[in-house]
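The values are calculated or read from the model by the stated rules, or taken from the named source; none is laboratory data. The structure presented is a predicted model; accordingly, all values stated were derived computationally and were not measured. Cβ: placed from backbone, ideal geometry, glycine included. Neighbour counts: every protein chain shown. The area values use the complete protein model at the heavy-atom level, side chains included, leaving out ligands, DNA and RNA. Shrake-Rupley method; radii C 1.70, N 1.55, O 1.52, S 1.80 Å.
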Amino acid sequence: MSAHASMHAPRSHAAAAAAADPYNLKPGEHSTGTTIMAIPFDGGVVMGADSRTSTGTYIAVRVADKITQVHDRIWICRSGSAADTQALTDYIRHYLSQLAVETGRAPTVKTAAHLMRRMIYENKDNLMAGVIVGGWDVVDGGSVYNIPLGGTMMKMPFALGGSGSTYIWGLVDHKFKEGMTKDEAKALVEKAIAHAMARDGSSGGIIRTVVITEDGCDKEFIPGDKLPYGP
């Protein structure tokens, strides 16, 4: 076949399907093509996420909640397949509840992250799930663990995830500093996610945040017409 002819040959069915569905979703499955983020501060953690859930190029849910509580002071930001990550967080919530009853004390964020890492790694061929586990405990205070696709677990000074995160690494690297206050960490989470939502077609809607400290959890949202986008 000539070079000219090969250039115009029809694509295979597999290539066409991959182009139509870059996330390789199962029939009827929804993707939380996403921006998620978490920053620990002295005394707690700020976690944030956008709210867009999509099916290919169709926005299925505009105000999804991608920050899920799994214990009193432990939350998980979810990205990837909505079905997979919802099932995983349900399992983790159940396991942590059982652990708390058996030991008589609250589980640590590290324990929750290890449970999630094990479930994702051991089922990595069947799941599409990237999560951030964050919260406060008496051992480590505020801490954040990043578990991307495949099940690697890393304790991080801050964590980003989802399709929108690629647009804001430079911004976060520039603005982040060790020892941030609660207000500084919250402002950076909100600004970074707003910038990702402006660039990433799979991120959008509103910004949800949760601030986790020893005293409790404070959950808020910023509506789409009041996003802190700008210099």
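Results, tabulated for the structure shown:
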| quantity | calculated |
| --- | --- |
| Any chance S54 is open to solvent by less than 10 Å² (accessible area, probe 1.4 Å), in contact with a Phe, Trp or Tyr (Cβ under 6 Å, 6 or more places away or on another chain) and modelled with pLDDT under 95 | no |
| Filter result for R93 (under 26 Å from T213 (Cβ atoms), open to solvent by 70 Å² or more (accessible area, probe 1.4 Å), modelled with pLDDT of 95 or more and in a helix (DSSP H, G or I)) | yes |
